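Everything below concerns the one structure shown next.
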Amino acid sequence: MIATLGLAALWLAAALAALQLLGGLLVLRSAENPLAAVLRGLAAVQGGLVALSFACLIWVFVETDLSVKLVAMNSHSAKPMLFKVAATWGNHEGSMLLWVTIMALGGACVALFERRLPEPAIRATLAAQAFVSIGFYAFLLFASNPFARLNPVPADGQGLNPLLQDPGLAFHPPTLYVGYVGLSIAFSFAVGALLTREVSPAFARAMRPWVLGAWVFLTLGITAGSYWAYYTLGWGGWWFWDPVENASLMPWLAATALLHSVSVLAARNALRAWTVMLGVVAFSMSMVGTFLVRSGVLVSVHAFAVDPLRGQFILALLALNIGAALTVFALRAASVTEGERFAATSRESALVFNNVMLTGVLGIVLVGTLYPLLAEAMGARVSVGPPYFNAAGAIFVVPMLLVLMAGPMLNWRRDRLSRHIRKLAVPAVLLLLIGAAAAAFGVKLLPALGLALGLALIAASLLPLLGRRLRTIKLALWGMALAHLGVAVALIGMASDSAFTREKLIAMQVGQSVEVGPWKVVLKRIDPVAGPNWTALEAGLEASYAGTAAWQLAPQSRSFWTPPQQVNHSALATRWNGQLYAVLGEQTEGGRWQLRLWWKPFVTLIWIGGLLVALGGFLALLGRVASDIRRLVAIDKIADRRKRQER
């Protein structure tokens, strides 16, 4: 009954999306069309229906309704409740329904709350959103039905991939999907603005909260995913340039460029073509990521290994959506005027330069991700890894960070760099001194650059706040400073991990000790333990840092029985200056146990920096939304005053 209700709600939502698209197209030809009055209502009801469908899917997972194929394939009656709920989106079909749910709710929010744009532009935006949504509804209903039934009903389910049975799964995918879908809303705004020739500051102000919100959630999702992979996979690394990791990084890079571009258009009426094109590119990258994860072309711990025919379906959606958007852009390019001009030395120019650098990094990641796949399709095997990504990316990242130090200090339109020499002296001196010191101590080039640029950027990120009364500083400025500070902190963490990590792989007997960096680690015991759906061997480790009080660590080698799989569960000891990372391996001859240990100085700064970046974006979002609300209230008051005067 619940599954039938969920499927029916999904079909009804798809029908409303088709009606919304038809109405939007008719309204573009004639504003007097009767469908004009109900377009917003169609989008709102559609959001409610898809939310109902997703709630039904959660319910059948909670109840372990094994008549639903998806539940039988990805859940088990003995699984803890948190993982039953998280299993709803821990698979291909459920995660796609989550995607569509967030997309429909986003469209409903645009329909219910957006009042800044002229009504024709809103209707065109809703039509564009319906166009995108219909493709995903078709994909769900015809190629990835989450409510498909089984007959006969199995006695129990097959369970969820043990690597995904982690609290991180409850938060990582939803945050990424909110980011992806926020970019779909930005895409729809861009198409709607092109269709109605409304590429203006008002369009940018309407789009900006969605871009900023999407960027914040993408930042959180990437940060959480990095930490989840770091402690779950037992490899001791926080980023592997895995194609699926890159699939989330590429939309973030495009969204970062789009965020800066849309802010310039909203504030200074410039970068109109940049904003529209980046809106298309950012959503394109999220579609490319969807294709990589779900097409079956990748073998990755992050990917959904599914039928390649589904990948062809997604590829067709990508070609249709982006091809249509580029066609509209080509037809309307003449109407996208240049906007206000600015000097070579100005904040706009700094933002354009960094957008070019971000686009360069995006190109490097895209080529490095797709080239091995294309080579394999032609019969050759090519491996592209960190040496390529790190070295090629640095060509663009280093100048971008240098400009990032000075850019926020510059005035809009026109400025002179000589006005800011004194303020920039401190970051410049730090850059030179730290770089020289790192090189003197034998640190390799890229980590040395990372340390020097990170510490210099910390000082530079605070410069825009100097000379201002803290109480009068707008939230948007606080957010910018905090986000740039987060970039600096994360960069220092990355460089420190690369430069100073110590690793030791050893076979130990109980009672034996080993040193790794400043830590002394003693293997005290090996005990069998059991969890709700697994058994494990657990090592009892006593770790002391430079003679201080001992930490108790318990890495495990877990054996899940549904589905059967062995997983290493790492143990971490976290201090202010880094982490000790321990992984238990197999038993060797002579009663020894393999143990892998890492001392990773300041590695936690990577995720602290990511959280600071997201927090900065959130503060900026609050500031922008509050400002927009005040503007709308003022406009309403003026309109009411005019009505009273007319009476």
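The values are calculated or read from the model by the stated rules, or taken from the named source; none is laboratory data. Keep in mind it's a predicted model, so treat the numbers as computed, not measured. Reconstructed Cβ throughout: ideal geometry from the backbone, glycine too, with neighbour counts over all protein chains shown. Side chains included, ligands, DNA and RNA excluded: accessible areas come from the protein's heavy atoms. Shrake-Rupley method; radii C 1.70, N 1.55, O 1.52, S 1.80 Å.
Please go through (1) in contact (Cβ under 8 Å) with a residue 12 or more places away in the chain; (2) over 30 Å from E589 (Cβ atoms) for A436 and return the number of the only condition it doesn't satisfy.
Exception for A436: condition (1).
Given the residues L150, L212, L141, which is the only one that is surrounded by fewer than 24 Cβ atoms within 10 Å (Cβ to Cβ), farther than 23 Å from Q46 by Cβ and not hydroxyl-bearing (S, T, Y)?
The match here is L150.
Which residues, taken from the stretch 159-175, are assigned to a loop (DSSP other than H, G, I, E, B) and of a type outside the set (F, W, Y)?
The first filter runs over the stretch 159-175 and keeps only residues assigned to a loop (DSSP other than H, G, I, E, B), leaving 159-161, 165-166, 171.
Result: G159, L160, N161, Q165, D166.
Between a residue in the stretch 56-70 that is assigned to a strand (DSSP E or B) and any residue that is of a type in the set (D, E, K, R), which pairs come within a Cβ distance under 7 Å, given they are 6 or more apart or on different chains?
V68/R149
Which one is farthest from the chain's Cα centre (by Cα) among residues in the stretch 404-439 that are β-branched (V, I, T) and modelled with pLDDT of 90 or more?
Of everything passing the filter in the stretch 404-439, V429 is farthest from the chain's Cα centre (by Cα).
Being open to solvent by less than 20 Å² (accessible area, probe 1.4 Å) and either touching a helix residue (DSSP H, G or I) at 6+ places or on another chain (Cβ under 6 Å) or without any contact (Cβ under 8 Å) to a residue 60 or more places away in the chain (or both) is the requirement here; does G363 meet it?
On the way: open to solvent by less than 20 Å² (accessible area, probe 1.4 Å): no; either touching a helix residue (DSSP H, G or I) at 6+ places or on another chain (Cβ under 6 Å) or without any contact (Cβ under 8 Å) to a residue 60 or more places away in the chain (or both): yes.
In short, no.
Please list, ordered by first then second residue, the pairs with beta carbon atoms under 8 Å, 6 or more apart or interchain, first in the stretch 525-538 and hydrophobic (A, V, I, L, M, F, W, C), second not in a strand (DSSP E or B).
I526/V510; W534/P162
All but one of (1) at pLDDT 75 or above; (2) open to solvent by 40 Å² or more (accessible area, probe 1.4 Å) hold for E338, so report the exception by its number.
Condition (1) is where E338 drops out.
Which residue, of L482, L477, is modelled with pLDDT of 95 or more and over 28 Å from L445 (Cβ atoms)?
L482
Among the residues of the stretch 130-166, write down those that are touching a Pro at 6+ places or on another chain (Cβ under 9 Å), more than 25 Å from L10 (Cα to Cα) and of a type outside the set (G, A, S). Let's see the steps before the verdict.
Restricting attention to the stretch 130-166, the residues satisfying the condition of being touching a Pro at 6+ places or on another chain (Cβ under 9 Å) are 140, 158-162, 165.
Still in the list and also more than 25 Å from L10 (Cα to Cα): 158-159, 161-162, 165.
Across the stretch 130-166, the qualifying residues are Q158, N161, P162, Q165.
Of the residues W561, W607, which single one is touching a Phe, Trp or Tyr at 6+ places or on another chain (Cβ under 6 Å) and surrounded by fewer than 19 Cβ atoms within 10 Å (Cβ to Cβ)?
W607
What is the one condition in (1) crowded, with 18+ Cβ neighbours inside 10 Å; (2) free of Cβ contacts under 8 Å to residues at least 60 places away in the same chain; (3) of a type in the set (S, T, Y) that T327 does not satisfy?
Going through the list (1) crowded, with 18+ Cβ neighbours inside 10 Å; (2) free of Cβ contacts under 8 Å to residues at least 60 places away in the same chain; (3) of a type in the set (S, T, Y), T327 breaks only (1).
Determine which member of the set R596, R630, R624, R644 is in contact (Cβ under 8 Å) with a residue 60 or more places away in the chain, among the charged types (D, E, K, R), assigned to a helix (DSSP H, G or I) and open to solvent by 50 Å² or more (accessible area, probe 1.4 Å).
Just a single option satisfies the conditions, and that option is R624.
Criterion first (open to solvent by less than 60 Å² (accessible area, probe 1.4 Å) and farther than 18 Å from V397 by Cα) does V429 satisfy it?
No.
Here are A550, A499: which of them is open to solvent by less than 40 Å² (accessible area, probe 1.4 Å), more than 30 Å from M73 (Cα to Cα) and of a type in the set (A, V, I, L, M)?
Testing whether each residue is open to solvent by less than 40 Å² (accessible area, probe 1.4 Å), more than 30 Å from M73 (Cα to Cα) and of a type in the set (A, V, I, L, M) leaves just A499.
Being among the aliphatic types (A, V, I, L, M), closer than 20 Å to W239 by Cβ and open to solvent by 30 Å² or more (accessible area, probe 1.4 Å) narrows it down to one of L451, L446, so name that one.
Of L451, L446, the one residue that is among the aliphatic types (A, V, I, L, M), closer than 20 Å to W239 by Cβ and open to solvent by 30 Å² or more (accessible area, probe 1.4 Å) is L446.
Can you name every residue in the stretch 156-191 that is at pLDDT 80 or above, farther than 19 Å from L326 by Cα and of a type outside the set (V, I, T)?
Hits for the stretch 156-191 are F171, H172, P173, P174, L176, Y177, G179, Y180, G182.
Of A186, A224, which residue is assigned to a helix (DSSP H, G or I), under 30 Å from T64 (Cβ atoms) and small (G, A, S)?
Working: A186 fails: under 30 Å from T64 (Cβ atoms).
Every option except A224 fails the conditions.
Check M1 against each of (1) in contact with a Leu (Cβ under 8 Å, 6 or more places away or on another chain); (2) among the aliphatic types (A, V, I, L, M); (3) more than 21 Å from P120 (Cβ to Cβ) and name the one condition it does not meet.
Among (1) in contact with a Leu (Cβ under 8 Å, 6 or more places away or on another chain); (2) among the aliphatic types (A, V, I, L, M); (3) more than 21 Å from P120 (Cβ to Cβ), M1 violates only (1).
Could you grab me the full set of residues in the stretch 229-238 that are open to solvent by less than 20 Å² (accessible area, probe 1.4 Å) and in a helix (DSSP H, G or I)?
Passing the criteria: A229, Y230, T232.
Tell me, yes or no, whether the stretch 564-584 has at least one residue that is touching a helix residue (DSSP H, G or I) at 6+ places or on another chain (Cβ under 8 Å), over 16 Å from V514 (Cβ atoms), open to solvent by 20 Å² or more (accessible area, probe 1.4 Å) and modelled with pLDDT of 95 or more.
Within the stretch 564-584, one or more residues are touching a helix residue (DSSP H, G or I) at 6+ places or on another chain (Cβ under 8 Å), over 16 Å from V514 (Cβ atoms), open to solvent by 20 Å² or more (accessible area, probe 1.4 Å) and modelled with pLDDT of 95 or more.
For the stretch 72-89, what are the residues that are over 11 Å from G159 (Cβ atoms) and either part of a helix (DSSP H, G or I) or in contact with a Lys or Arg (Cβ under 9 Å, 6 or more places away or on another chain) (or both)? Walk me through it before giving the result.
Step one: filter the stretch 72-89 for residues over 11 Å from G159 (Cβ atoms), giving 80-82, 85-86, 88-89.
Within the stretch 72-89, M81, L82, V85, A86 qualify.
Exactly one condition in (1) at pLDDT below 75; (2) among the β-branched types (V, I, T); (3) under 21 Å from the mean Cα position of the chain (by Cα) is not met by T359; state its number.
(1)
Only one of V85, V71, V60 is open to solvent by 20 Å² or more (accessible area, probe 1.4 Å) and either aliphatic (A, V, I, L, M) or over 27 Å from the mean Cα position of the chain (by Cα) (or both). Can you tell me which? Walk me through how you get there before you give the answer.
Numbers: V71 fails: open to solvent by 20 Å² or more (accessible area, probe 1.4 Å); V60 fails: open to solvent by 20 Å² or more (accessible area, probe 1.4 Å).
Testing whether each residue is open to solvent by 20 Å² or more (accessible area, probe 1.4 Å) and either aliphatic (A, V, I, L, M) or over 27 Å from the mean Cα position of the chain (by Cα) (or both) leaves just V85.
Please determine, by comparing only the residues of the stretch 521-546 that are surrounded by 19 or more Cβ atoms within 10 Å (Cβ to Cβ) and of a type in the set (G, A, S), which one is modelled with the lowest pLDDT.
Ranking the candidates gives A536 first.
Search the stretch 377-401 for residues that are under 26 Å from L431 (Cβ atoms) and pair each with any residue that is modelled with pLDDT under 95 and not in a helix (DSSP H, G or I) when their beta-carbon atoms are under 6 Å apart and the residues are at least 6 apart or on different chains.
P386/W241; F389/W241
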